[in-house]
Amino acid sequence: MFTLTFPDGAQRQVQPGATPLEVAKEISPSLAKAALAADLDGELVSLVHPIHKDARIRFLTWEDEAGKTVYWHSSAHVLAQAVKELWPAALLDDGPATEAGFFYDIKFPTPIGEEDLTRIEEKMREVLKRKERLVRRELCADEARSFFAARGERFKLELIDAIAARGESISVYEQGAWADLCRGPHLLDTGKIKAVKVLSVAGAYLHGDEKNEQLQRVRAISFPSQAELDQHLFLIEEAKKRDHRKLGRELELFSFHEVGPGFPFWHPNGTVVYDELVRFWRELHREAGYSEIRTPMILSESLWHKSGHWEHYRENMYFTQIDEQDYAVKPMNCPGCCTIFGSQPHSYKELPLKLAELGQVHRHEKSGVLQGLFRVRMFTQDDAHIFCTPPQIEDEIVKVIQLVDWIYSTFGFGYEMELSTRPEEKFIGSLEVWEQAEGALKAALARVGAAYKLNPGDGAFYGPKIDFHIKDCLGRRWQCATIQLDFSMPERFELEYTAEDGSRQRPVMIHRAIFGSFERFIGILIEHFAGNLPTWLAPVQAIVLPITEGQLEAARSVQQELLKAGLRAQLETRSEKIGYKIRAAELRKIPWILVVGAREAEQGLVAVRRHGQGDLGVRPVAELVSELRGLVDGRRLEESVTA
RNA sequence: GCUCGCGUAGCUCAGUCGGUAGAGCGCAUCCUUGGUAAGGAUGAGGUCACCGGUUCGAAUCCGGUCGUGAGCUCCA
């Protein structure tokens, strides 16, 4: 007998070879019905996996990420089967589950188009109706090779070789007359998959490698009920409405033009948002002991040789000539900052020295990756470089993490952290320094009590780093903040400080950004708030609407009061009906709409209307002004109106 | 950069079989002075992304270029 331990600590004895499904049935029929797979000592297993040890067990349902993964992975097999029934000559590569659905990379005899998606979807429903069992079968490498060779699946043969090379066991999952190479685990049968939607088809490289031939990636999603699918499709539509590229145009924040692909043009409204963020950032950094610097946009190519960028980053840089000398447009700010640090002697007493720079950088990104403000060729980083001694690293990292947390919480953003450590091979500096640095980062994370994901070997060649990812409304994760330790740059620039004992020492450099770039951050803000920016960030904070031209002067004086209080207020002067003017202001997402009619004008009142909330009643002008000032000064989120 | 799709007025989009362009919104002018999401009239706006080809004739068919979208690869 083996002992299974459940998440709540309860235990149960089972016979050797018992399966999670049998265990679930003993507990309750509803659990057996809801269970999709099980977690056995951290291993993801199917419900018919025989248990041959004492273990902790947890049943995975649709509510668990891992449960969804199994569900969608099985759905991917259904997709593949449907495709093979429609195009027997299609060649399959790989078809995993993703964060939201699943895909399959396929080489079609002739490329398919959007119009084929419905056919695939209908065929999938047909396959699902058969409610076929997914049966696992283990094969040796040669059996597997002849199995897929007989079917002409040459991509699968490559996958088999890769699996065999890793010394892993090879298995196929059969469903009806068809079978796919797969590690599993899977659902017991396809009957639990109730609703499917084939979403898109796009190019993808074989095995995800750019050098390989191009296949087509068919993306789809499935749900246990039609209602859940409908809800998901509704959310996709809602997300599209928030697309910052659309809102950016509608709200006249920024634009892109053929004369500068990837180079954003900031319109007056967008510039206000940008400047407010800068102001917020400056306030916090001044308080946190940073000094601000500015370094040139174009610098001699020799500097970029020295920094290593020419060697490692040339592909992404723009070059030019001045007086027949070679120059480069800066893609990063660190060399400029190091030039300042190196321009004068430093004492240990100055450390940690924190030099911040709103550095505008240009990077030649591949044309295909440009994407609104999320991926541009010119952007401004809220950069800073902290020069310190190795023992100071931990404290400084803690302070940066706290600053990031403060800034993100001001916008109501959730985020995830990742720690990337020393690469296996390509790295500079001694193992000792790396260990010290990684230890400092881990200690800092522990001190702030942050949960983080470890990416072993994912650090830069010059040092380990902590990355912060914000999740946007489409579920995409964007790296914004980053904290990177850098042992390389101080070395290359021969930076030094005089230590207590008079010796010359090399400082450690911490490279960090919090917004990451203003461009991307604003893009995320727009989508996060669906364009309804909090009052402190809104390009126009209030608009005054006279009901008739008779109140134009009274309305103008209300506007003057707001302007005097430092608020961004406009006056509507068009002679339209009030309904029309309100509609226009609502569409511009102006947070405060102030209506002045004969009644209000007489008593020094305004009728207040908050965007999205309708009429809030009348209020004395002075009272409203101080309320708005409070919102702005406190950089209040006003969640009730932005949600 | 690669694959596929798309490109018509400031915006959203029609435009049939190849016969040199249309709507709504917005904008301008005039009328209207209306109390919480669209009052009315008139008018201006387009080298149909660009270059080339086929054709008597191209927004429409073909090729190329540029831009853009979905992905891939890469990243703040």
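Against the condition farther than 30 Å from A:R279 by Cα and either buried (at least 19 other Cβ atoms within 10 Å of the Cβ) or assigned by TED's automatic domain parsing to the domain that holds A:T389 (or both), how does A:W304 come out, does it pass?
yes
Return the total of residues in the stretch A:406-422 being crowded, with 16+ Cβ neighbours inside 10 Å and not hydroxyl-bearing (S, T, Y).
Within the stretch A:406-422, residues that are crowded, with 16+ Cβ neighbours inside 10 Å and not hydroxyl-bearing (S, T, Y) number 7.
Being of a type in the set (S, T, Y), surrounded by 19 or more Cβ atoms within 10 Å (Cβ to Cβ) and over 23 Å from A:H207 (Cβ atoms) is the filter here, so list the residues in the stretch A:48-101 that pass it.
Scanning the stretch A:48-101 gives a single hit, A:Y71.
Let me spell it out: the conditions are (1) over 31 Å from the mean Cα position of the chain (by Cα); (2) under 23 Å from A:D189 (Cα atoms); (3) not hydroxyl-bearing (S, T, Y), and A:L79 meets all of them except one. Which number is the exception?
(1)
Look through A:E435, A:E425 and report the one residue that is assigned to a loop (DSSP other than H, G, I, E, B), free of Cβ contacts under 8 Å to residues at least 24 places away in the same chain and farther than 30 Å from A:E527 by Cα.
Sole residue among the options that is assigned to a loop (DSSP other than H, G, I, E, B), free of Cβ contacts under 8 Å to residues at least 24 places away in the same chain and farther than 30 Å from A:E527 by Cα: A:E425.
Looking only at the stretch A:235-284, which residues are of a type in the set (A, V, I, L, M, F, W, C) and over 17 Å from A:E527 (Cβ atoms)?
Scanning the stretch A:235-284 gives A:V259, A:F263, A:F265, A:W266, A:V272, A:V278, A:F280, A:W281, A:L284.
Which residues, taken from the stretch A:129-143, are touching a residue at least 40 places away in the same chain (Cβ under 8 Å) and among the hydrophobic types (A, V, I, L, M, F, W, C)?
If the condition is that a residue be touching a residue at least 40 places away in the same chain (Cβ under 8 Å) and among the hydrophobic types (A, V, I, L, M, F, W, C), then A:L134, A:V135 are the ones that fit.
Of the residues that make up the stretch A:373-391, is at least one farther than 23 Å from A:R282 by Cβ, modelled with pLDDT of 95 or more and in contact with a Pro (Cβ under 9 Å, 6 or more places away or on another chain)?
For the stretch A:373-391, residues farther than 23 Å from A:R282 by Cβ, modelled with pLDDT of 95 or more and in contact with a Pro (Cβ under 9 Å, 6 or more places away or on another chain): present.
Here's the yes/no breakdown for (1) more than 21 Å from A:G248 (Cα to Cα); (2) aromatic (F, W, Y); (3) more than 16 Å from RNA strand B (Cβ to nearest atom):
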residue: A:L370; (1), (2), (3): no, no, no
residue: A:A384; (1), (2), (3): yes, no, no
residue: A:K399; (1), (2), (3): yes, no, yes
residue: A:E416; (1), (2), (3): yes, no, no
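Every residue, every condition in (1) modelled with pLDDT of 95 or more; (2) touching a Ser or Thr at 6+ places or on another chain (Cβ under 6 Å), yes or no:
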site	(1), (2)
A:E549	no, yes
A:S557	yes, no
A:R574	no, no
A:I593	yes, no
A:G604	no, no
A:V621	yes, no
A:T642	no, no
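In the stretch A:601-638, how many residues are within 11 Å of RNA strand B (Cβ to nearest atom) and closer than 18 Å to A:Q570 by Cα?
8
Just a yes or no: is a residue in the stretch A:78-97 assigned to a helix (DSSP H, G or I) and either at pLDDT below 90 or in contact with a Ser or Thr (Cβ under 8 Å, 6 or more places away or on another chain) (or both)? Working first, answer last.
Residues of the stretch A:78-97 assigned to a helix (DSSP H, G or I): A:78-86.
Okay, now just the ones that are also either at pLDDT below 90 or in contact with a Ser or Thr (Cβ under 8 Å, 6 or more places away or on another chain) (or both), so A:78.
For the stretch A:78-97, residues assigned to a helix (DSSP H, G or I) and either at pLDDT below 90 or in contact with a Ser or Thr (Cβ under 8 Å, 6 or more places away or on another chain) (or both): present.
Give the stretch A:67-122 a look and list any residue that's closer than 22 Å to A:V172 by Cα and charged (D, E, K, R), or say none.
A:K68, A:K84, A:E85, A:D93, A:D94, A:D105, A:K107
Would you check if there is a residue in the stretch A:197-220 being away from RNA strand B (no atom under 16 Å from the Cβ), at pLDDT 85 or above and surrounded by 15 or more Cβ atoms within 10 Å (Cβ to Cβ)?
no
Can you pull out every residue in the stretch A:550-576 that is within 39 Å of the chain's Cα centre (by Cα) and surrounded by fewer than 17 Cβ atoms within 10 Å (Cβ to Cβ)?
Passing the criteria: A:L563, A:A565, A:G566.
Pairs please, first residue from the stretch A:231-243 and touching a residue at least 60 places away in the same chain (Cβ under 8 Å), second anywhere and not aromatic (F, W, Y), Cβ atoms under 6 Å, 6+ apart in sequence or on different chains.
Note: pairs meeting the criteria are A:A239/A:C473; A:A239/A:L474; A:R242/A:C473; A:R242/A:E527; A:R242/A:A530.
Any residue in the stretch A:502-514 that's touching a residue at least 40 places away in the same chain (Cβ under 8 Å) and more than 17 Å from A:W434 (Cβ to Cβ): show its pairings with residues that are among the acidic types (D, E) and part of a strand (DSSP E or B) at Cβ separation under 7 Å, as long as the two are six or more apart or on different chains.
Once the first residue is touching a residue at least 40 places away in the same chain (Cβ under 8 Å) and more than 17 Å from A:W434 (Cβ to Cβ) and sits in the stretch A:502-514, its partners that are among the acidic types (D, E) and part of a strand (DSSP E or B) give A:A513/A:D382; A:A513/A:D383; A:I514/A:D382.
Do we have any residue at all in the stretch A:494-506 that's under 24 Å from A:R377 (Cα atoms) and in contact with a strand residue (DSSP E or B) (Cβ under 9 Å, 6 or more places away or on another chain)?
Looking through the stretch A:494-506, none of the residues is under 24 Å from A:R377 (Cα atoms) and in contact with a strand residue (DSSP E or B) (Cβ under 9 Å, 6 or more places away or on another chain).
Just for helices (runs of 4 or more DSSP H) wholly inside the stretch A:594-643: which have at least 3 residues that are over 27 Å from A:F529 (Cα atoms)? I'd like the intermediate steps shown before the answer.
Working: elements: A:598-603, A:621-633, A:639-642.
By residue number, A:598-603.
Quickly run through the stretch A:110-144 and pick out the residues that are basic (K, R) and within 16 Å of RNA strand B (Cβ to nearest atom).
If the condition is that a residue be basic (K, R) and within 16 Å of RNA strand B (Cβ to nearest atom), then A:R119 is the only one that fits.
Go through A:F341, A:F254, A:F280 for me and flag whichever is modelled with pLDDT of 95 or more and more than 27 Å from A:Y408 (Cα to Cα).
It is A:F341.
What number of residues within the stretch A:473-494 satisfy the criterion of being part of a loop (DSSP other than H, G, I, E, B) and either over 26 Å from A:E519 (Cβ atoms) or within 12 Å of RNA strand B (Cβ to nearest atom) (or both)?
First, pick out the residues of the stretch A:473-494 that are part of a loop (DSSP other than H, G, I, E, B): A:473-476, A:487, A:493-494.
Cutting the leftovers down to either over 26 Å from A:E519 (Cβ atoms) or within 12 Å of RNA strand B (Cβ to nearest atom) (or both) gives us A:474-476, A:487, A:493-494.
Final tally of qualifying residues: 6.
Yes/no per residue for (1) modelled with pLDDT under 90; (2) of a type outside the set (S, T, Y); (3) more than 33 Å from the chain's Cα centre (by Cα); (4) not assigned by TED's automatic domain parsing to the domain that holds A:V198:
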| site | (1), (2), (3), (4) |
| --- | --- |
| A:A10 | yes, yes, yes, yes |
| A:G17 | yes, yes, yes, yes |
| A:L21 | yes, yes, yes, yes |
| A:E26 | yes, yes, yes, yes |
| A:A32 | yes, yes, yes, yes |
| A:D39 | no, yes, no, yes |
| A:E43 | yes, yes, no, yes |
| A:K53 | yes, yes, yes, yes |
| A:W72 | no, yes, no, no |
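Of all residues in the stretch A:366-381, which are within 18 Å of A:E258 (Cβ to Cβ) and crowded, with 16+ Cβ neighbours inside 10 Å?
Within the stretch A:366-381, A:G372, A:L373, A:R375, A:V376, A:R377, A:M378 qualify.
For A:G449, state whether it is surrounded by fewer than 20 Cβ atoms within 10 Å (Cβ to Cβ), without any contact (Cβ under 8 Å) to a residue 12 or more places away in the chain and in a loop (DSSP other than H, G, I, E, B).
Taking the combined requirement at face value, the residue satisfies it.
Which members of the stretch A:548-570 meet the condition of being more than 9 Å from RNA strand B (Cβ to nearest atom), out of contact with any Lys or Arg (no Cβ under 6 Å at 6 or more places or on another chain) and hydrophobic (A, V, I, L, M, F, W, C)?
Within the stretch A:548-570, A:A554, A:A555, A:V558, A:L562, A:L563, A:L567, A:A569 meet the criteria.
The values are calculated or read from the model by the stated rules, or taken from the named source; none is laboratory data. Small disclaimer: the values here were computed from a predicted structure and weren't measured. When we count neighbours, we look across all protein chains shown, and the Cβ atoms used for this are built from the backbone with ideal geometry, even at glycine.
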